[in-house]
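The block underneath contains the structure these notes are about, expressed in structure tokens.
The values are calculated or read from the model by the stated rules, or taken from the named source; none is laboratory data. Remember, predicted model here, so these are calculated numbers, not experimental data. Here the Cβ positions follow ideal geometry from the backbone for every residue, glycine too, while neighbour counts run over all protein chains shown.
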Amino acid sequence: MHRFRAIAHNQGCFLITGDELHHLTKVLRLQRGDKVYGFDNSGRQWLGIIEKLEKDSALCRIIEEEYPEVEAKSKVYLVMGLAKGDKMEWVIQKATELGMAGFIPLRTRRSVMQLEGKKAEDRVKRWQKIAGEAAKQSRRVIEPKIEQVAEWKDLEVMLPPETQWLIAYENEKKLSFSNTLASFNPEYPIAVLIGPEGGFSGEEVREAQEKLGARSISLGSRILRTETAALAVLTMVLTYFGDLG
């Protein structure tokens, strides 16, 4: 059954508007009497039946309200250095399917791609749309928020103060990933810093350690591409805390 981002309405109904309405009417060509799911990023979803189709909205009567347990219990955020090509899009799509809580694109010393001004704003809008479509496809009820492109100095205030930070660093030889996670509280947010092509500089790693309290981790003896590293770390963290597998 088709799913749409929706807006709670009075008298036991929800509304579908904007791009979602266009998809409902022009692409899927749904009609009055068809059943659909709506969700509003609050953790709930509704099973509804289309009762009224107007130019700017579809009014759906709620048949059943549900709170499906589909969201990861541990909130894991990816903070990824700007990478070239479609790597960011690919990571956002797949990480949303896996259960990522949110995504922060980060300007780093070795980032090849540079985004500024309106170009950065437009790219973030596109990434948010990709996250939204992936959330719908994977039957999530909360789509991850894609933040504006950040600088290192912004990170401290972009996530809650109790956030626990990890930074993937190829030169880390001592700290065990599993031992590091054993010291984390799964009830608090976890943020993972992933470098761009070429990785983080030593100075950036030290800044993350000193200002964010980040624990550096090794992903093994092989060098991974940035998009591979992002999804590998996310999968390992969610698996460790029982949200995957």
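Looking at the range 172-182, can you tell me whether even one residue there is of a type in the set (Gly, Ala, Ser) and under 30 Å from Glu20 (Cα atoms)? No: zero hits.
The residues of the range 128-176 that are among the basic types (Lys, Arg) and at negative phi, listed by number, are Lys129, Lys136, Arg140, Lys145, Lys153, Lys173, Lys174.
Taking the range 186-228 only, how many residues are closer than 19 Å to Pro144 by Cα, assigned to a helix (DSSP H, G or I) and among the small types (Gly, Ala, Ser)? Adding up the residues that qualify gives 0. If only residues of the range 120-135 that are closer than 12 Å to Pro105 by Cβ and either more than 10 Å from the chain's Cα centre (by Cα) or not in a helix (DSSP H, G or I) (or both) are counted, the one that is modelled with the lowest pLDDT is Ala120. When residues in the range 72-126 are screened for being of a type in the set (Asp, Glu) and under 13 Å from Pro144 (Cα atoms), 1 of them pass. Regarding Ala95, is this residue modelled with pLDDT of 95 or more, surrounded by 15 or more Cβ atoms within 10 Å (Cβ to Cβ), of a type in the set (A, V, I, L, M) and assigned to a helix (DSSP H, G or I)? When the stated conditions are applied, Ala95 passes them. The residue list Lys87, Lys55 contains one member that is out of contact with any strand residue (DSSP E or B) (no Cβ under 7 Å at 6 or more places or on another chain) and surrounded by 15 or more Cβ atoms within 10 Å (Cβ to Cβ), which is Lys87.
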